[in-house]
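Engineer: Structure incoming, see below.
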Amino acid sequence: MRTFAAIIWRDVILGIRASGGAALSAAFFALILVLVPFGLGPGPDTLQATAPGLFWMAALLSTLLGLERVVQPDAEDGTLDLIRLSPLPLELAALAKIIAHWLTSGLILTLLAPLLAPLLNLSFHAAPVLALSLLLGTPALSAIGTAMAALGSSVQRGGMVLALLVLPLNIPFLIFGASAVASAQAGEDPGQALLLLGAASLIAMVVGTIAAAAALRIGDE
């Protein structure tokens, strides 16, 4: 487990220090939400109606930033070969990378979203549901993104390819997450949408971990 913790710690530090890491992801998320009122207009009804989907779209796009740096630098500098030679199963190594990516993207967005909620006139009682939906859903975005990053680690500058692979797979989380926030905004019970989001996220975490490990094995061959 020391190797598992070391991978998480190393990737978190690199994610914080690297350009295009945690700071850029958070800044991009905030910038989208700051610019939206200029495009849609300051009408409170319009902003309130579009806020759930906009928050989740901003989160989805922000997690795509830096995906190509999740695995590819390790493949280039030989770190990935050391991970393969270590006694740690590749599934746990993939899980460690998923957790590290989430800590430097999804968790930060989850904490930042309620602070930006007033920009889109999101109601006070819907802000906690927004944070909870992101807390439940962003691990799935990291899992799917890491699996695709492992699959495309041999492709130089494959950021656009990764985005095309990841975006369609993330649509269910966008739908469930936005639906939960919209229900809370309308004064309805968001429980069903949150349960569906949590279940889908758990499945994505399991499948993403296995898929990432399989992709790393393919790269070794």
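Throughout, read-outs are computed from the coordinates displayed, never taken from laboratory work. Keep in mind it's a predicted model, so treat the numbers as computed, not measured. Here Cβ is always computed from backbone atoms with ideal geometry, including for glycine, and neighbour counts include all displayed protein chains.
Engineer: Springs between alpha-carbon pairs under 10 angstrom, Gaussian network model over the chain: which of 63, 104, 50 fluctuates most?
Structural biologist: Largest GNM mean-square fluctuation: 50.
Engineer: Where does each of 125, 101 land when they are ranked from fewest to most other beta-carbon atoms within 10 angstrom?
Structural biologist: 125, 101
Engineer: For region 89-124 and region 132-151, what is the centre-to-centre distance using only Cα atoms, to the nearest Å?
Structural biologist: Their Cα centres are 9 Å away from one another.
Engineer: How high is the relative contact order of the chain? Use alpha-carbon pairs under 8 Å, at least six apart in sequence, and give a whole percent.
Structural biologist: 27
Engineer: What does the extension gain come out to for residue 76 and residue 23, with contour length at 0.36 nm per residue minus their alpha carbon separation?
Structural biologist: This chain segment gains 16.7 nm when fully extended.
Engineer: Also, quick follow-up: What list of ³J(HN,Hα) couplings, whole Hz, do you get for region 128-139 from phi and the Karplus terms 6.51, -1.76, 1.60, once you set θ to phi - 60° and write x for glycine and proline?
Structural biologist: Per residue, the Karplus-derived 3J(HN,Hα) values read x, 5, 4, 4, 5, 5, 5, 4, 7, x, 5, x Hz.
Engineer: Still on this model: From the helices alone, meaning DSSP H stretches of at least four residues, give me the mean residue ellipticity at 222 nm for the chain, per-run term -39500 (n - 2.57), in deg cm²/dmol to the nearest 500.
Structural biologist: Calculated from helices alone, the mean residue ellipticity at 222 nm is -26000 deg cm²/dmol.
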